[in-house]
Amino acid sequence: MSYLQETELGADFAPFAAFREHFGFVPNLFRAQTLLPRAIEAEAGIAATVLLKQAALSRTQKEYILLKVAAAQRNTYCVTAHHHMLRSLGASEDQLNQVLTDHHRANISAADAALLDFALKLGQHAPWVSQEDIVSLRNYGFTDDAVLEAVLVTGLTNFLCTLSVGLGPAPDFEPKRIDSGETSQQRDNQRLSHGGRFASGPYLRAVEYSAANFPPFAFFQEQFGFIPNIFRAQTLRPDVLEAEAGVIRAVLLTKDLLSRVQKERILLVISAANLNTYCVAVHCEMLRALGVSEEDSDQIAVDHNQTDLSEADKALLDFALKLAVRPSEFQFEDVNLLRRQGLGEERMLEGVVMTALTNFLNTLQMGLGTIPDFTPKRVFTPRDLYPSVKESRPMSDVAVSQDPDTEVVRRVQAGDVDAFEELVRHHSRRVFGILAGLLGNMDDIRDVTQDVFLKAFEHIGSFQGRSKFSTWLTSIAINTGTQLLRESKPLEPLEEEDDEGFRPRQIQNWAENPEQLFAASQRDELVRAAVLRLPEKYRVVVLLRDLEQLSTEEAATALDLSIAALKARLLRGRLMLRESLAKHFICPGKQQP
Amino acid sequence: MLTCAEFLAEFGDYLEDAVSPEVRAQLEDHLHECKTCQVIVDSTRKTIRIVTESGCFALPEDKVEPIVKDVMARIRKKH
């Protein structure tokens, strides 16, 4: 029994016969998908090639990956299943408990422990995987074929874990308690580090195939108009590519239930939340080919709740996003919420399978390090950092009623020119600070500051008090500054293109008191240079929030942004500043040569 | 346990002290176990502190009155 309806498939349903043959039982996870036999067939194809086929890694090594990565996700269903499988492969209860508690102290080889470290990192902390992790596996003697299998098995684990969270099947055996080896987890994670420098992928050796000599590539070429790099990176296993083409055909390209556009949206939204620029670029492109404008795709990736999608479509994306990215919070109630939208059981099931497929593909991509097939059109603000914020654009700041300038503004509006002097005196620091932060080293910032006040004076009649005067003045300063900025550097790209941009890279400890490493004037110079290097849209937000200390609401009003967008840009800007200041402030003595 | 991506999803609100107690507890569980995210939190807080306390774009105190004077002179000339 699971969250969705099930049905009986005949005894001759081939995948079930194969499960009985290989596992001795039909896992409830697949019984929970009987409304969609084509999905079961495709998944069985992946499982057969990735898990059952003997190639570079042994079945036991693969089962350990499944066990540990599922345990890290606290996925009782999958842990129970793979615990059972390892037992039937001959592992003792003691051995399994040791591996679950701390695989570094278990009776497995150092190489196998390193393999599990890699799988755990890829399964749980994918954005941190880099070329160095692959190199380290090679140093333990793993071939590229073996690493590819480790990536595939980890992807498969995420596929199965997502399916089981979304479908809620009963465990097939006495549930295995995950008492987790917190200590082991802690040790695993303390090993987490990123090489610091991103070598561009792909990480593994590949064989050259073309659409002319390899049917799966001919299929991708025909369906997509190109052969995505994520598949080109797996040519060491043509059989797996065939199985993956089978999943794409059965799950993504079918249109009888969810439409292709609905499915692509699921891929897009989750990939953005998983910080997977590669998949975001691919699926934006696919949506474009399906007639969805770049702008619309972009907005879906930024925040699907701020689009004019139907309520049912938004609910489907909410559902998929939570299932994919916050599985620990996902409950039966989430299934019921979606059920109330009237999608029907089959479509909901297909939504779960699409979500699982997305996590599979995202994991593969992070493990393979494939470079985008298309130049990412725009780097996404970390909308994924605020996946479900439904706030609308503030119409006014919260504290309007307490605007200390109300009275003075009223006098100026009534014709008292002299009263304006007080407003200039109160606000000249902020206007100057914003302009200096935007324009950098221009000598005439004081002149521009005056211009801003003149504009404010000329238009004060149109100020209606919907925001604070200071907020209104701030938006004039921003507009004036950005306009000058664009005039002075018309060729500067407004969007940065670095596809790794939203992954923090510098992860060395900072000094306890970084301020003490420099004199105040040197520190100011470092901050100034770092702020001026920020792309404009992040810079203005950092200027308003961190340098001028406006509230979130005031800053959002001044920039005419939603609260969610403001917060996302602020975090992004702060992370970029952190990145660029890190080299000056990391622990003395630990600086890289 | 939250993943790093889940942690980063809440990171902005966490920095602003704008998460619910339940979410905070989950985030801190993750932090307790993830050295990488610990470093990111610590260094981001320090970044904010350094930037916030910096006077790098500040108008010197003695330049305020000249600006007031010039602005008012320009306004009065026009009106």
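The values are calculated or read from the model by the stated rules, or taken from the named source; none is laboratory data. Predicted model only: the values in this text are computed from it and were never measured. Cβ: placed from backbone, ideal geometry, glycine included. Neighbour counts: every protein chain shown. These area figures cover heavy atoms from the full protein model, side chains too; ligands, DNA and RNA do not enter into them. Shrake-Rupley method; radii C 1.70, N 1.55, O 1.52, S 1.80 Å.
Rundown of residues vs (1) over 24 Å from A:E285 (Cα atoms); (2) touching a Leu at 6+ places or on another chain (Cβ under 9 Å), yes/no style:
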{"site": "A:D298", "(1), (2)": "no, no"}
{"site": "A:L309", "(1), (2)": "no, yes"}
{"site": "A:L343", "(1), (2)": "yes, yes"}
{"site": "A:T358", "(1), (2)": "no, yes"}
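Which of the residues that make up the range A:90-108 are part of a loop (DSSP other than H, G, I, E, B) and either over 11 Å from A:Q61 (Cα atoms) or open to solvent by less than 20 Å² (accessible area, probe 1.4 Å) (or both)?
Correct list: A:G90, A:A91, A:S92, A:H103, A:H104, A:R105, A:A106, A:N107.
Kindly provide the set of residues from the range B:34-62 that are within 7 Å of chain A (Cβ to nearest Cβ), under 29 Å from A:L423 (Cα atoms) and open to solvent by 60 Å² or more (accessible area, probe 1.4 Å), ordered by number.
B:A58
Within the range A:555-581, restricting attention to residues that are more than 23 Å from the chain's Cα centre (by Cα) and surrounded by 22 or more Cβ atoms within 10 Å (Cβ to Cβ), which residue is nearest to the other protein chains (Cβ to nearest Cβ)?
The selected residue is A:L581.
Every residue in the range A:510-554 that is without any contact (Cβ under 8 Å) to a residue 40 or more places away in the chain, open to solvent by less than 60 Å² (accessible area, probe 1.4 Å) and outside any helix (DSSP H, G or I), please.
The answer is A:A519, and nothing else.
Tell me which helices (runs of 4 or more DSSP H) are completely within chain B and hold 3 or more residues being touching a residue at least 12 places away in the same chain (Cβ under 8 Å), or say none if there are none.
Correct list: B:4-15, B:21-33, B:35-53.
Could you grab me the full set of residues in the range A:25-50 that are part of a helix (DSSP H, G or I) and out of contact with any helix residue (DSSP H, G or I) (no Cβ under 6 Å at 6 or more places or on another chain)?
Hits for the range A:25-50 are A:N28, A:R31, A:P37, A:E43, A:A47, A:A48.
For the range A:55-64, check the following and say yes or no: at least one residue is assigned to a helix (DSSP H, G or I) and surrounded by fewer than 16 Cβ atoms within 10 Å (Cβ to Cβ).
Yes: one or more hits.
Within the range A:306-318, can you find the residues that are open to solvent by 10 Å² or more (accessible area, probe 1.4 Å), outside any loop (DSSP other than H, G, I, E, B), modelled with pLDDT of 90 or more and in contact with a helix residue (DSSP H, G or I) (Cβ under 8 Å, 6 or more places away or on another chain)?
Of everything in the range A:306-318, those that are open to solvent by 10 Å² or more (accessible area, probe 1.4 Å), outside any loop (DSSP other than H, G, I, E, B), modelled with pLDDT of 90 or more and in contact with a helix residue (DSSP H, G or I) (Cβ under 8 Å, 6 or more places away or on another chain) turn out to be A:D313, A:K314, A:A315, A:D318.
If you check A:Q341, A:Q331, which single one turns out to be closer than 21 Å to B:M1 by Cα and open to solvent by 40 Å² or more (accessible area, probe 1.4 Å)?
Selected residue: A:Q331, the only one of A:Q341, A:Q331 that is closer than 21 Å to B:M1 by Cα and open to solvent by 40 Å² or more (accessible area, probe 1.4 Å).
Mind listing whichever residues of the range A:134-150 are open to solvent by 30 Å² or more (accessible area, probe 1.4 Å) and touching a residue at least 24 places away in the same chain (Cβ under 8 Å)?
The answer is A:Y140, A:G141, A:T143, A:D145.
Taking the residues in the range A:445-488 that are part of a helix (DSSP H, G or I) and among the basic types (K, R) as candidates, determine which candidate is most open to solvent (accessible area, probe 1.4 Å).
A:R486
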